[in-house]
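To start, the structure itself, in structure tokens.
The values are calculated or read from the model by the stated rules, or taken from the named source; none is laboratory data. Since this is a predicted model, take the numbers as computed values, not measurements. Using ideal geometry, Cβ is built from the backbone for each residue, glycine included, and neighbour counts are taken over all protein chains shown.
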Amino acid sequence: MATLEYTIPSTMDGLALLGPNEFEVQKASVPEPARHEVLCEVHSVAICGTDTELIAGHFLKKGWPPGYPYTPGHEWSGTIVATGEQSAELGFEVGTRVAGTAHDGCGACRMCAIGRYNLCWNYGHEERGHHHYGHYSTGAMRQYHNTSIKSVFPIPDSMTLEQAALVDASSIALHAVKRARIYPGDVAAIIGPGAQGLLAGQLAFLLGASRVIIVGRGGERLKTAEAMGFEVVDNTQIDGPEGVRDLTDGLGADFAIDTAARGTTPADAVAMTRKGGRVSLIGIPAEPVVLPLQRIVFEEMDLMGVRANPGTCEEVIPLIAEGRLDVDAVTTHRFPLVDFATAFETFTKRIDGAIKVLIQPNQQEG
């Protein structure tokens, strides 16, 4: 087969954060891929809830971003257009369509060795081989993105590049469900009818749940959840935990997943879970959280933090490609990079029922 060749420009457009809630599209040099890296022409980048916090400057103390200007973006897809040293030899060839993700562990520490590279001991040290794209390492909200081959996953012909941009979010949802140790016949309760909640709900069914209850504050997203076949609790009409207990003969769910991490939702997740139940926490709380520790101890409940998606990208790709995990149902809007401000407002204000909003850096306006 002939080797594909792409004409790569010397400059590109990219989103630049200039300060909290301050951004613009700027010209930048197209990077060259280093050893074990690939350069990808970016097709789609999904705006994530973490992006809104990062753009607002809420994670500055954590080093997200490490400074300004900075380019975010960590849920993305694209096509390999150039390879660094040894990348092609390891199977990452020019022309390969890929789904991208955020974490790139150093590969040498104990955590990486046992497959928990999301908890790499060398986090924050690019000079030691670690990257966290779209957080402290340069992200994909640009026309061309250089990334470690450990952070991209080839996709089959049956998957579109738009769908591939949802692999990162889907794989995090899968990690959350797996952390909850689902058993056949379980009843699941999920707080938040956003993309993470709707993806986690589908995955809970695929892994054996008999019922999935989505809890949210009314609106179009909760209507979407109901249309997708989930039971719903509108906590503008009834207390969320009370609503879940009413649907489960007063017992509560076997496990709960909190995707919101806002206000009392972590405690609500515990409250809507039965004795001996499990709770997975995806969202990152912005404020201290009070939890009912006596109940957690006396009723032997398990709480699991969920950090990213170790080992689950390759697991969700065939589910999406085969149509068993419907990511199209949560993908509602698409914008070119030049319209990022409108896209960001659409996402944050949930305009027109927005759930997942895609930025397509190489799409021309109009």
**Request:** Give me the pairs, please: first residue somewhere in the stretch 102-120 and under 14 Å from Asn309 (Cα atoms), second residue anywhere and assigned to a strand (DSSP E or B) and β-branched (Val, Ile, Thr), beta-carbon distance under 8 Å, and either six or more positions apart or on two chains.
**Result:** Asp104/Thr147
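Could you please let me know if Ala261 is within 29 Å of Ile320 (Cβ to Cβ), modelled with pLDDT under 95 and under 24 Å from the mean Cα position of the chain (by Cα)? Lay out the reasoning, then the answer.
On the way: within 29 Å of Ile320 (Cβ to Cβ): yes; modelled with pLDDT under 95: yes; under 24 Å from the mean Cα position of the chain (by Cα): yes.
So Ala261 passes the test.
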**Message:** The conditions are (1) surrounded by 18 or more Cβ atoms within 10 Å (Cβ to Cβ); (2) on the phi > 0 side of the Ramachandran plot, and Gly323 fails exactly one of them. Which is it?
**Reply:** (1)
**Asked** In the stretch 152-166, which residues are more than 10 Å from Gly78 (Cα to Cα) and crowded, with 24+ Cβ neighbours inside 10 Å?
**Response** Leu166
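Rundown of residues vs (1) of a type in the set (S, T, N, Q); (2) within 20 Å of Ile282 (Cα to Cα); (3) surrounded by fewer than 18 Cβ atoms within 10 Å (Cβ to Cβ), yes/no style:
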position: Gly201; (1), (2), (3): no, yes, no
position: Leu207; (1), (2), (3): no, yes, yes
position: Ile213; (1), (2), (3): no, yes, no
position: Gly219; (1), (2), (3): no, no, yes
position: Gly243; (1), (2), (3): no, no, no
**Prompt:** In the stretch 1-31, how many residues are under 27 Å from Ala308 (Cβ atoms), over 22 Å from the mean Cα position of the chain (by Cα) and part of a loop (DSSP other than H, G, I, E, B)?
**Reply:** 1
**Request:** Could you please find all residues in the stretch 326-349 being loosely packed, with under 15 Cβ neighbours inside 10 Å and either on the phi > 0 side of the Ramachandran plot or not in a loop (DSSP other than H, G, I, E, B) (or both)?
**Result:** Asp328, Ala341, Thr342, Glu345
**Asked** So is Arg262 within 16 Å of Thr50 (Cα to Cα), out of contact with any Leu (no Cβ under 8 Å at 6 or more places or on another chain) and not hydrophobic (A, V, I, L, M, F, W, C) or not?
**Response** yes
**Prompt:** Of everything in the stretch 142-197 that's assigned to a strand (DSSP E or B) and of a type in the set (A, V, I, L, M), which residue is nearest to the chain's Cα centre (by Cα)?
**Reply:** Val152
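Listed residues Gly201, Gly185, Gly216; which is touching a Pro at 6+ places or on another chain (Cβ under 8 Å) and either closer than 23 Å to Glu37 by Cα or free of Cβ contacts under 8 Å to residues at least 40 places away in the same chain (or both)?
After applying the criteria, what remains is Gly216.
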**Subset tally (residues that are surrounded by fewer than 19 Cβ atoms within 10 Å (Cβ to Cβ) and in a strand (DSSP E or B)) for the stretch 93-108** = 0
**Where Phe340 falls short, out of the listed (1) free of Cβ contacts under 8 Å to residues at least 24 places away in the same chain; (2) more than 26 Å from Cys313 (Cα to Cα)** = (1)
**Asked** In the stretch 1-57, how many residues are surrounded by 15 or more Cβ atoms within 10 Å (Cβ to Cβ) and free of Cβ contacts under 8 Å to residues at least 40 places away in the same chain?
**Response** 1
**Prompt:** How many of the residues in the stretch 78-92 are surrounded by fewer than 17 Cβ atoms within 10 Å (Cβ to Cβ) and of a type outside the set (Asp, Glu)?
**Reply:** 3
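Before we move on, is Ala176 surrounded by fewer than 24 Cβ atoms within 10 Å (Cβ to Cβ) and among the aliphatic types (A, V, I, L, M)? Before you say what the answer is, go through the steps one by one.
Details: surrounded by fewer than 24 Cβ atoms within 10 Å (Cβ to Cβ): no; among the aliphatic types (A, V, I, L, M): yes.
It is false that Ala176 is surrounded by fewer than 24 Cβ atoms within 10 Å (Cβ to Cβ) and among the aliphatic types (A, V, I, L, M).
Would you check which residues across the stretch 61-71 are touching a residue at least 12 places away in the same chain (Cβ under 8 Å) and of a type outside the set (Gly, Ala, Ser) and list them?
Trp64, Pro65, Pro66, Tyr68, Pro69, Tyr70, Thr71 - these are the residues of the stretch 61-71 that are touching a residue at least 12 places away in the same chain (Cβ under 8 Å) and of a type outside the set (Gly, Ala, Ser).
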